[in-house]
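Following: one structure in C-alpha cells, then a few remarks.
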Amino acid sequence: ATLHQLAVAAMSSKPPRLAEADALLREALALEDQGPFALGARAATLQQLARVAERCGDAHAARAHLEEALAMQTRAYGEGVAHVNKAATLSQLASLALQSGDTEHASQVLGEALEMRRQIYGHGG
C-alpha cells in the first residue's frame with residue numbers, strides 16, 4: 001500500500017513525476033499478493049497505472065490497464081454484481097473512449113456504470 005500511496009503523491013506533485021509514479025506502481029504490482037483476496041488491491045494499482053499512461057499520452061496502455069482492472073474486480077466482487085469500484089473503472093474506460101472520439105462505446109460503458117451506481121445508491125445516479 002505504501003508504494004501505491006507514494007505513486008499517487010508523485011502523480012499529484014507539481015509538476016507531476018509520472019515516470020516515478022509508473023515505476024512505483026509497477027513495483028507494487030510485482031510485490032502484491034497474487035491470491036484472490038488481493039484482486040481489489042491489484043485492480044486499484046492498475047487503475048492508477050492507467051491514469052499515469054493516460055497522462056503520458058498512451059491511451060492504448062491506459063485502456064489495457066483498465067480492462068485488466070475490471071476483469072480483476074469482476075473476479076473479486078462477482079459477475080453481475082454492482083460494485084462502486086467496478087463503476088469507477090467503467091467511467092474511466094468511458095472517459096478514454098470519449099477522448100478517442102468513440103462516442104458509441106463511451107455511451108455504452110457509461111450506461112453500464114450508471115446502471116451499476118443506481119443498483120448501489122438508488123435512482124439518483
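Here are some notes:
- Taking a ≥ b ≥ c as the square roots of the eigenvalues of the Cα gyration tensor, the chain is classed as oblate, since a/c reaches at least 1.5 and a/b does not exceed b/c.
- Note on the stretch 18-91: with neighbouring protein chains present and a 1.4 Å probe, carbon and sulfur make up 56 percent of its accessible heavy-atom surface.
- Nearest-20 debye value, the chain charge dipole, Cβ charges on Lys, Arg, Asp, Glu: 340
- Alpha carbon centroid spacing (whole Å) that separates the stretch 1-33 from the stretch 57-87: 19
- Of all the options 34, 92, 47, the one that moves most in a Gaussian network model of the chain with Cα springs shorter than 10 angstrom is 34.
- Packing rank of 108-115, 56-63, where each peptide gets the mean count of other beta carbons within 10 Å, highest leading: 108-115, 56-63
- Springs join every pair of Cα atoms under 10 Å in this Gaussian network model of the chain, and among 79, 20, 32 the largest mean-square fluctuation is at 79.
- Pairwise Cα inverse-distance average, inverted: Kirkwood Rh of the stretch 21-88 (Å): 12.1
- Accessible surface computed residue by residue for the stretch 1-91, with neighbouring protein chains in place and a 1.4 Å probe, gives 53 Å² per residue.
- Candidate residues 74, 45: accessible-area rank, largest first, probe 1.4 Å: 74, 45
- Three-way shape label, the stretch 63-125, alpha-carbon gyration tensor, a/c 1.5: oblate
The values are calculated or read from the model by the stated rules, or taken from the named source; none is laboratory data. From a predicted model like this one, the values you see are computed outputs, not experimental measurements. All Cβ positions, even for glycine, are placed from backbone atoms using ideal geometry, and neighbour counts span all protein chains on display. Surface accessibility is based on the protein's heavy atoms, side chains included, excluding ligands, DNA and RNA. Shrake-Rupley method; radii C 1.70, N 1.55, O 1.52, S 1.80 Å.
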